[in-house]
1. Does ALA422 qualify as being at pLDDT 95 or above, under 18 Å from GLY290 (Cβ atoms), of a type in the set (A, V, I, L, M) and buried (at least 16 other Cβ atoms within 10 Å of the Cβ)?
2. Condition check: under 21 Å from the mean Cα position of the chain (by Cα), among the polar types (S, T, N, Q) and crowded, with 21+ Cβ neighbours inside 10 Å. Does SER333 satisfy that?
3. In a strand (DSSP E or B) and under 18 Å from GLN369 (Cα atoms): is that true of LYS407 in this structure?
4. What's the total number of residues in region 157-188 that are farther than 21 Å from MET131 by Cβ and modelled with pLDDT of 90 or more?
5. Return the pairs, sorted by first residue and then second, in which the second residue is buried (at least 17 other Cβ atoms within 10 Å of the Cβ) and aliphatic (A, V, I, L, M), the first residue lies in region 46-59 and is closer than 14 Å to GLY425 by Cβ, the beta carbons are less than 9 Å apart, and the residues are 6+ apart or on different chains.
6. Which one is nearest to TYR319 (Cα to Cα), of the residues in region 14-55 that are at pLDDT 95 or above and β-branched (Val, Ile, Thr)?
7. Identify all residues within region 306-327 that are of a type in the set (Val, Ile, Thr), part of a loop (DSSP other than H, G, I, E, B) and modelled with pLDDT of 95 or more; write none if there are none.
8. Can you pull out the residues in region 238-278 that are modelled with pLDDT of 95 or more and in a loop (DSSP other than H, G, I, E, B)?
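The values are calculated or read from the model by the stated rules, or taken from the named source; none is laboratory data. Worth saying up front: this structure is predicted, and the values here are computed from it rather than measured. Because the Cβ atoms are built from the backbone with ideal geometry, glycine has one as well, and the counts that use them run over all protein chains shown.
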Amino acid sequence: MKKFVVLLVVMAMTCLSAVAYAMEVTVGGEVSIRSRDFSDLKMYEKLAAPGNQRDTQERFKIDVSAKADGVSGKISIWNYWDTWGRFEAPQANGAVAATPAATTNRIAAIESWIAFDVPGVPVNVKVGHQMLQLGHGWFFRSMYFGSDAWLVSNHSGNNTLAFVDVKFGEGATGSADDTDAYVLLDVLKLNDNNTVGIDLTNLKDRKALFANAAFGAAGREMNLQNIGLNYTGKLGPLALKAQVDVQMGKYTNPSGVVGDPDPKFKGNEIVVQGTVNLDAVAVNFTLAQGSGQKSGDKDVKQFITALDINPRYTFLYEYKIPTAAGAVNQGFSNTTAIGVGASANVSKSLNVGADIWLLSATQKTNVTQTGAGAGAESDKIGTELDVKVNWKLYDNLAWNWALGYFKPGDAYKDVNGKGTDAATGIQGILSLKF
């Protein structure tokens, strides 16, 4: 395995050395060791499989970047977290998809793109596999595995206008069974402290990647439009970020069955986050709400998201535990959240912080995981306490820890009233960047 990685680096540097006279080439990377101990993620410890995760894993990244006047490119090669004791054998087996599933342990090109200024006009084109997000990343965020996309942008003074074409899924070549997103966005810098943006997204899902079984969506074409507004700025000592999204469009029934209406999308969300820095102490808050689905709704009122597998706001809920939207990695879909926290620089190299989250379902639901049948619907999701310890050992070496305690509410009870034990987790990542 190590010989294979060295060979990749040598090949990349050899190929790039031929054009080094014209381009500035840099090589960097990362090696990280992750230790995890999650307990009772299904929130009922007497289950045969209560949802424990205990392991040590390793990940590496190799970044090769090149740039010259008006032209740049990047290749980022890495493996997903590989569990110790498996001898890394799965990483060398067979072909690798452009965006590997979370359970695979293989080497993949996570970034591989070209960017250039179009000669004679103020337009930049970036094409290939790249990291993307809209606004503050609460509707669409692809900053982990990346996405295949064209990005065409125009920079004029303090204004940036861009068009993005993202390919989520490819079906049979030549057939209309793909999943694509087309985005038009504009970002305006009002002054040194305030920026506003708007993005208009049309998501066409012919491959049923976003299918909702409640609406028979596997046989329907999804045409979802999302209008997003975002703000980043400072109001005195308060650093503020805000995002609002409104959705429209519909599932189209291609069979045209009489009496089978096309459900419309009516979801929305609002997220406001603030931070106040007081010398060595920082105080933060989050207020957020994403719309949910009420029993009997004929339209899709739950906010639809397209998010990566990174943790976003809580360490357990949403990252490791199915949310009120029924799955992990759903952002604030059908979730109303209030979060407050603080962090402090204990020393020059050590920062410690804690956040408390009050979580409820925007529309009552039940997401029990015991397998005994759902209990009564409830809007009581739970409370979570997260602690973060960030330790900078050297300029390029950090050892960061996260600890979480999630006390679930009635929405996680099964028909027998079981499933309300607390879930806990601790994770440490030792990371060397070079």
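1. Details: at pLDDT 95 or above: yes; under 18 Å from GLY290 (Cβ atoms): no; of a type in the set (A, V, I, L, M): yes; buried (at least 16 other Cβ atoms within 10 Å of the Cβ): yes.
It is false that ALA422 is at pLDDT 95 or above, under 18 Å from GLY290 (Cβ atoms), of a type in the set (A, V, I, L, M) and buried (at least 16 other Cβ atoms within 10 Å of the Cβ).
2. Yes, satisfied.
3. Values: in a strand (DSSP E or B): yes; under 18 Å from GLN369 (Cα atoms): yes.
Yes; evaluated as a whole, the condition is true for this residue.
4. So the first thing to find is which residues in region 157-188 are farther than 21 Å from MET131 by Cβ, and the list is 157-159, 171-178, 188.
Adding the requirement that they be modelled with pLDDT of 90 or more leaves 157-159, 188.
Looking only at that region, the number is 4.
5. PRO50/LEU41; PRO50/MET43; GLY51/LEU41; GLY51/MET43; GLY51/ILE321; GLY51/ALA423; ASN52/LEU41; GLN53/LEU41
6. ILE33
7. To start, the set of residues in region 306-327 that are of a type in the set (Val, Ile, Thr) comprises 309, 314, 321, 323.
Okay, now just the ones that are also part of a loop (DSSP other than H, G, I, E, B), so 309, 314, 323.
Selection gives THR314, THR323.
8. Those that are modelled with pLDDT of 95 or more and in a loop (DSSP other than H, G, I, E, B): LYS266, GLY267.
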